[in-house]
């Protein structure tokens, strides 16, 4: 870096302030006071909401990448409910909500209109939670992928239907307690199964770009949005967004929990182009899944009244399989 | 230009001359010929700029229309039957968001049992969806209603359904005057949206509304539909000025002036009804017919003005409201509230059964002679249904109820 970085302001002990000491090219979009501020503060999300955090970073980054010319389409869900109670709105960009299961098709419709009008400068971002994406909206999403519509679709995965009171979705992990997979009976919590791995399903459509991310890696998240916005066609971003309410975690722990999901290997962070994995975020310090499970009330039944080492071992095998499949271990640890 | 052509093709060409910018389409009989022809017109370059999108379902088709319309594009789709029902959630959304989407419904029965032939079960099921519903009497009107539908939709910011009888109209070849591009451009100006998704002037569309304002929002939806009662005849009159043809409007009375009996009908059966009226008039019977073109909004005043003084009204229903009977009849009755007259509901032509002149003559003669029940199923095979009802009465239902035990005891004797 040759040019001296321009310091705007300084806060002691803040990672964000440190970020501002970096050169302009390395700074986070959020470090810029002139950021788009797509989702303003004052909305009604819970404290520590991972989805609100993710949405703010993603849309600001998308706006920056597109020179401010972004239209957002939203599925029904927490993000829509907490941001637009009539007559208020937290959105500083054109925003459209229609239904729970149709956000990909509505976004594709916006993209089609822009194409007809020759507006190549305006870009479309579709967004929804895991329920709206992996369950009820999957048909529309698959159609959007298949046609390669020029839309970046973002799934905010908090692993259950949080807006309606924490019921199981197709993205709920095994053994997790939800209001419809209670921690009672022979096999408490959500059953083990094949799971519905939407990033892999998206890759099977051979769309230009598929990536996963978490709100623990916010710079990584921004970078992936910029990368996706640099492309045309159907792009898919699957972001893990912990939900303090549904997961039973402390409000201040959202980022830490997301990082644990990465570091245990339970949530592999990778990128894929045209159906092939092109890059992974290696795990710097590998941790046992127990470290991720223990702080979450939705897994409390694995620790009391008795420690379910058998179930935890099964989850560990899932994490191990992810690590092997995506090659997630950093070089030094893999060789040691 | 006057030419011999298929109803679907005439509609497709007229829609193309309306210059839609986005068409989302999913195939379903008997709507297919419309979207096939439009796909050809777009791909050949005859219709441009226009994005023709093949979608994975009718739910996606209507959802895509919602997005395209909100982004400021003139938007069109077509469907029928199960497809319309598969769209339902998005239909209510399109009207609630005030999006001027135009859709052709090639009317067809709803299963089960599956039946691809014509009746009005599909569009009638959406009478409360907030869409304007216009019913075409023939293929000329089916074609002509589309430019009028775009005018109405865009003036009122409401979606409009043009209903044309499946197969009976869609697949029929007739001499049709398909509007020329220049003529249509004189009638239908470019689309100027009420609100549009624009990064330079951001708006939030589709916000959540709670109990404090929801009733008001719904009231406004009703008030806006009522404005269509003024707009529909005005647009039809303008259409007549430009094209020199009578198409659209709220209602079409036929020989009603001195009629004692009036038959109410929607869609293509009206032509047959008028023929029968003519033949009965030759016999000196004072009978007339009334077509309702605008079923939503329902023209209460106009219908009352025509039917208010007659002795007898027979409503030909092309759909069945199971558990009560007629759908159109209930609306006609509302129009005639406080007026005493002899009213009959006739369920006719379900699932494509032909409505013949012979049957209509018998039906109207019965009505005039006072032999008609209040609810009648035209040409019902009574032997078949009585046999089946008797079998159902004999068949044991599940459970050890006293009724079943007694029936079993009876059968042992």
* Structure fact -> If the chain between residue A:276 and residue A:325 were fully extended at 0.36 nm per residue, the gain over the current Cα-Cα distance would be 16.4 nm
* To do: Of the DSSP beta bridges with both residues in the stretch A:120-255, give the percent that are antiparallel, rounding to the nearest 5.
  => 10 percent
* Over all residues in A:140-148, what is the mean tally of Cβ atoms on other chains that come within 10 Å of each residue's Cβ? -> 4
* Share, in percent, of DSSP beta bridges within the protein assembly as shown that are antiparallel, nearest 5 -> 25 percent
* To do: Note down the relative contact order for chain B as a percent, whole number, built from C-alpha pairs under 8 angstrom at least six residues apart.
  => 15 percent
* Mean ellipticity per residue at 222 nm, deg cm²/dmol - from DSSP H runs of n ≥ 4 across chain B, formula -39500 (n - 2.57) -> -13000 deg cm²/dmol
* Asked: What FRET efficiency comes out for the pair residue B:171/residue B:409, r = Cβ-Cβ distance, R0 = 45 Å, nearest 0.05?
  -> 0.20
* For helix A:103-116, report the angle its Cα long axis makes with the longest principal axis of the Cα atoms of chain A; keep it between 0 and 90° and round to the nearest 10°. => 20 degrees
* **Simple spin-label estimate for residue A:164 and residue B:339 in nanometres, 7 Å along Cα-Cβ** => 4.7 nm
* Structure fact -> The equivalent-ellipsoid semi-axes of chain A, taken as the square roots of five times the Cα gyration tensor eigenvalues and listed largest first in whole Å, are 31, 24, 21
* Asked: Tell me, in nm to one decimal, what length is gained between residue A:256 and residue A:146 on full extension, where the rule is 0.36 nm per residue of separation less the Cα-Cα distance?
  -> 36.0 nm
* So what are the stretch B:32-96's ellipsoid semi-axes, whole angstrom, largest first, if each one is the square root of 5 times an eigenvalue of the alpha-carbon gyration tensor? -> 21, 15, 8
* Calculated on alpha-carbon atoms, Rg and Dmax of the stretch B:191-277 in Å -> 20.6, 62
* Taking all pairs of different Cα atoms in the stretch B:88-178, averaging 1/r and flipping that mean, what Kirkwood radius in angstroms comes out? -> 13.6 Å
* Once the mean 1/r over all distinct Cα pairs of the stretch B:239-370 is inverted, what Kirkwood radius in angstroms do you read off? -> 15.1 Å
* Compute the relative contact order of the stretch A:32-165 as a whole-number percentage, counting only Cα pairs closer than 8 Å that sit 6 or more residues apart in sequence. => 26 percent
* **Calculated FRET efficiency for the pair residue B:2/residue B:238, C-beta based, R₀ 22 Å, to 0.05** => 0.55
* According to a simple spin-label model (label point 7 Å from Cα along Cα-to-Cβ), what is the distance in nm between residue B:44 and residue B:300? -> 4.8 nm
* Asked: How many partner chain Cβ atoms sit within 10 Å of a residue's Cβ in peptide B:48-55, on average, as a whole number?
  -> 5
* To do: Could you tell me what % of all Cα pairs in the protein assembly as shown have separations over 39 Å?
  => 47 percent
* Relative contact order for the stretch A:211-336 using alpha-carbon pairs under 8 Å, separation at least 6, rounded to a whole percent? -> 24 percent
* Determine the equivalent ellipsoid of the stretch B:174-239 by diagonalising the alpha-carbon gyration tensor, then write out the semi-axes as square roots of 5 times the eigenvalues, largest first, rounded to whole Å. => 34, 20, 10
* Asked: Between residue A:34 and residue A:304, what is the spin-label point distance in nm, taking each point 7 Å from the Cα along the Cα→C-beta axis?
  -> 5.4 nm
* To do: Partner chain Cβ atoms within 10 Å, averaged over the residues of A:70-77 - can you pull that number for me?
  => 3
* Decide, for the stretch A:186-291, between rounded, prolate and oblate: order the square roots of the alpha carbon gyration tensor eigenvalues as a ≥ b ≥ c, take rounded if a/c falls under 1.5, and otherwise choose prolate if a/b is larger than b/c, else oblate. => prolate
* Structure fact -> Scaled by the rule-of-thumb 2.2 N^0.38 Å, the alpha carbon Rg for chain B gives a ratio of 1.06
* **Fraction of beta bridges assigned by DSSP in chain A that are antiparallel (%, nearest 5)** => 30 percent
* To do: Would you calculate a helix-derived [θ] at 222 nm for chain A, using -39,500 (n - 2.57) for each DSSP H run of n ≥ 4 and dividing by the full residue count, to the nearest 500?
  => -10000 deg cm²/dmol
* Structure fact -> In whole percents, the bins of 10 Å from zero upward hold the Cα-Cα pairs of the stretch B:24-152 as 13, 45, 36, 6, 0
* Once you have all Cα-Cα distances for the stretch B:135-284, histogram them in 5 Å bins from zero and send the whole-percent values. => 2, 7, 13, 15, 16, 14, 12, 9, 6, 3, 2, 1, 0, 0
* Take the Cβ-Cβ distance between residue B:356 and residue B:182 as r, set R0 to 51 Å, and report the resulting FRET efficiency rounded to the nearest 0.05. => 0.75
* Structure fact -> Under a Gaussian network model of chain B whose springs join Cα atoms within less than 10 Å, the largest fluctuation of B:173, B:117, B:131 belongs to B:173
* Taking the Cα atoms only, what angle lies between the long axis of helix B:58-70 and the longest principal axis of chain B, rounded to 10 degrees? -> 40 degrees
* Going 7 Å from the Cα of residue B:200 in the Cα-to-Cβ direction, what parts of the stretch A:51-81 have a backbone nitrogen less than 20 Å from that spot? -> A:63-72
* Peptides B:74-81, B:174-181 ordered by average Cβ neighbours within 10 Å, highest first -> B:74-81, B:174-181
* Could you put B:18, A:41, A:155 in order, starting from the residue whose Cβ has the fewest other Cβ atoms within 10 Å? -> A:41, B:18, A:155
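Just so you know, all these numbers are worked out from the coordinates, no wet-lab data involved. What you see is a predicted model; the values in this text were computed from it and never measured. Cβ: placed from backbone, ideal geometry, glycine included. Neighbour counts: every protein chain shown.
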